[in-house]
Amino acid sequence: MRADNSPHPAAQQRRLDCIARVRAVLEALECDGGAVTVAGVAARAGVSRTFLYDAARTTLPARLRDLATKQPATGRPALPDHQRISTKSHEPVVRALREANRKLHVENERLRNELAVALGQLRDLRRGLGSSV
C-alpha cells in the first residue's frame, strides 16, 4: 500500500483519458453547434455525469456551462459563428421569401375562385339546370 495515498497510475491514466475524451466532445460541439447538455456530453464521451459535475476534475464543468449558455433559448443548438447568416445577406433572403409568399397568396386566391366556379357549375348540373356560364 502506498504511504502517500496517491491514486494508482492506471487510475490516473483512466482519468486523463476521460478528460481528453470530454474535451474532444466539447470541441466538436463548439465547432458543429450541437446541443450541449451534461447527459449528451457524458454519453458521447463515454463518462458518467458525476465525472462531469466533479469540480476537482479541472475546468470541465465551467467549460460545459459556458457552451450551454451560448445556445439560444429555443433549445436548439446555436450555429457556429462562421455558419450564421449576416444581416447584410439576411435582408435579400427575407425579401425573396416575402415575394414568394405574395405569389403563393395570389395563386391561392385564383385557385379558390376557380374552385368556387367549378362547384357552382356542379351544383347547377346536379339540379338539372345546366351551366349558365
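For this structure, a couple of remarks:
- Karplus-derived 3J(HN,Hα) values for segment 99-105, using 6.51 cos²θ - 1.76 cosθ + 1.60 with θ = phi - 60°, are 5, 4, 5, 5, 4, 5, 4 Hz; glycine and proline are entered as x.
- Using the average count of surrounding beta-carbon atoms within 10 Å as a protection proxy, the listed peptides 92-98, 119-125, 38-44 rank, highest first, as 38-44, 119-125, 92-98.
- Pair LEU97, ASP124: separation of 7 Å Cα→Cβ label points (nm): 4.4 nm
FYI, it's all coordinate maths here, none of it is from the lab. Note that the structure is predicted; figures quoted are calculated from it, not measured. Don't worry about glycine lacking a Cβ; one is built from the backbone with ideal geometry, like all the others, and counts go over all protein chains shown.
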